[in-house]
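Report on the structure given below.
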Amino acid sequence: MYKDKVELKKKSRERIRKRIRKKVKGTSLCPRVFIFKSNRYLYTQAIDDEQSQVIVSASTLEKEFKEKQKNYKNIEASRILGDIMAKKLQQKKISRIVFDRGAYPYHGRVKALAEAMRKGGLKF
């Protein structure tokens, strides 16, 4: 019974992710910013789907993040990570992105990260 629930949840998340990916495409001028949340950390990547390569990445494991924040599981940590990601994209002269939330609902840490990236000067 328990195993079936886990498999069902995995399949539904994959279905949501595929539905979003049909609509969201990234280019070199307007990359797709993807989020992955593990139980401990938060990872973001700016991806150029045309050439299938990562342009910029940031996570709560980086030294730059750890200097600013000790806790990496709360909303404040997501805001700081959003600022770091926005700065890295601005250094690459990218001001426009496409936001890919993956299978995660747009609230809490995901919403805080997106709003911090908007405050950092990115448009999406």
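Quick note: the coordinates plus some simple rules give every number you see, no bench work behind them. All values reported here derive from a predicted model rather than from experimental measurement. Cβ sites come from the backbone with ideal geometry, for glycine too, and all protein chains shown count toward neighbours.
Below are the figures for this structure:
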read-out: Residue ranges of strands (runs of 3 or more DSSP E) in the stretch 27-70 with at least 1 members more than 15 Å from the chain's Cα centre (by Cα); value: 53-59
read-out: Count - residues of the stretch 74-103 that are over 18 Å from Phe124 (Cα atoms) and either part of a helix (DSSP H, G or I) or under 14 Å from the mean Cα position of the chain (by Cα) (or both); value: 5
read-out: Criterion violated by Ile84 - all others in (1) in contact with a strand residue (DSSP E or B) (Cβ under 9 Å, 6 or more places away or on another chain); (2) on the phi > 0 side of the Ramachandran plot satisfied; value: (2)
read-out: The stretch 58-73, subset touching a residue at least 24 places away in the same chain (Cβ under 8 Å) and not aromatic (Phe, Trp, Tyr), residue surrounded by the most Cβ atoms within 10 Å (Cβ to Cβ); value: Ala58
read-out: Any hit, the stretch 34-48, residues being surrounded by 15 or more Cβ atoms within 10 Å (Cβ to Cβ) and basic (Lys, Arg); value: yes
